[in-house]
Amino acid sequence: MSDLPLKLRTVLKERATIGSLHLEIEQVSNDGTKKRAYKLHDGQMIESVLMPYEDGRRTACISSQAGCAMGKFYMDFAQLYED
């Protein structure tokens, strides 16, 4: 992005990493809720949940920390929605 100031581009290049996610786990419940676990380039995992509503709205919850001590949370949460 050449429209960003050079100083900001330099700082971003030094401190930020842009990578891709690898989908490791996806579970879909009867109500259409989708739970996913993604692996990052360094092996850490992050999770997301997409919850649909009857009126067409959706709510997305996305973990903001990789390597959280509550790593077991995703699997425990997903079991709440299993048949």
- Of all the Cα-Cα pairs you can form in region 1-45, what percent are over 11 Å apart? 74 percent
- Note on the structure: Whole-Hz Karplus couplings 3J(HN,Hα) for region 43-60, θ = phi - 60° and coefficients 6.51, -1.76, 1.60, Gly and Pro as x, run x, 5, 10, 10, 10, 9, 9, 10, 10, x, 10, 4, 7, x, 6, 9, 10, 10
- Item | Net +/- balance of residues flanking Ser48 in space, Cβ distance below 15 Å, scoring K and R +1, D and E -1 | +2
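Since every read-out is calculated from the coordinates, none of them should be taken as a lab result. Worth saying up front: this structure is predicted, and the values here are computed from it rather than measured. Methodologically, a virtual Cβ is constructed for each residue, glycine included, from the backbone with ideal geometry; neighbour enumeration extends over all protein chains shown.
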